[in-house]
Every structure is written in C-alpha cells, then in structure tokens.
1. Please list, ordered by first then second residue, the pairs with beta carbon atoms under 7 Å, 6 or more apart or interchain, first in region 1-26 and in contact (Cβ under 8 Å) with a residue 12 or more places away in the chain, second charged (D, E, K, R) and part of a helix (DSSP H, G or I).
2. If you take the residues in region 3-26 that are modelled with pLDDT under 85 and more than 17 Å from L64 (Cβ to Cβ), which one is surrounded by the most Cβ atoms within 10 Å (Cβ to Cβ)?
Amino acid sequence: MTKKETFSIHGKNLVNKIKELIEEGNITSISISDKNGKELMTFPLSVGVVAAVIAPVLAAVGALAIFVGECSLTVEREEKGGEGEVK
C-alpha cells in the first residue's frame with residue numbers, strides 16, 4: 001500500500017529535502033510541481049538506489065531549483081504491511 005505526502009518548499013531547499021527523503025529509504029516516487037500545480041519533474045525510486053544512479057537526478061533538480069521559487073514536493077511512500085501483525 002502506498003501513501004502520498006506533499007511538502008511546500010522553497011526552491012533553494014529542494015535538493016536537501018530530496019536527499020533527506022531518499023536517505024529514509026521507503027520512497028517509491030517523487031514529483032515536483034510549481035506553485036500553480038503544474039508538474040515539473042517526476043522520478044521513480046526503487047529500493048537500493050545507489051548514489052551514482054541518483055546523482056544525475058539531483059543535478060537536474062538543482063538546476064530546476066534555480067528557476068523555481070515556491071514549489072510542492074509530492075512523495076509516494078511504501079507503507080509497511082500491518083496485515084497479519086500479532087499484538
């Protein structure tokens with residue numbers, strides 16, 4: 001089951017927030033939209049993404065952050081299964 005979260009963020013903090021989210025490790029997709037809701041960039045993430053693979057994406061996000069003031073970051077997370085859980 002997936003869960004979506006949306007953050008309002010200023011462009012200059014965008015790369016740092018994405019790095020922080022990736023380090024959490026349960027992110028399946030990230031979308032960046034402008035303040036009007038137009039999707040600017042979206043990229044999937046899979047378990048075990050290594051820095052060498054994500055580096056070009058972060059470079060593109062950094063370039064985008066220069067031109068974007070306020071934006072929203074939508075993160076899709078894979079929730080841990082609670083079914084069959086014994087209490």
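The values are calculated or read from the model by the stated rules, or taken from the named source; none is laboratory data. Since the model is a prediction, treat every value here as computed from it, not as a measurement. In this analysis, Cβ positions are derived from the backbone assuming ideal geometry, glycine residues included, and neighbour counts consider all displayed protein chains.
1. Within 7 Å, the pairs are F7/K17; I9/K17.
2. For region 3-26, the residue satisfying everything is N26.
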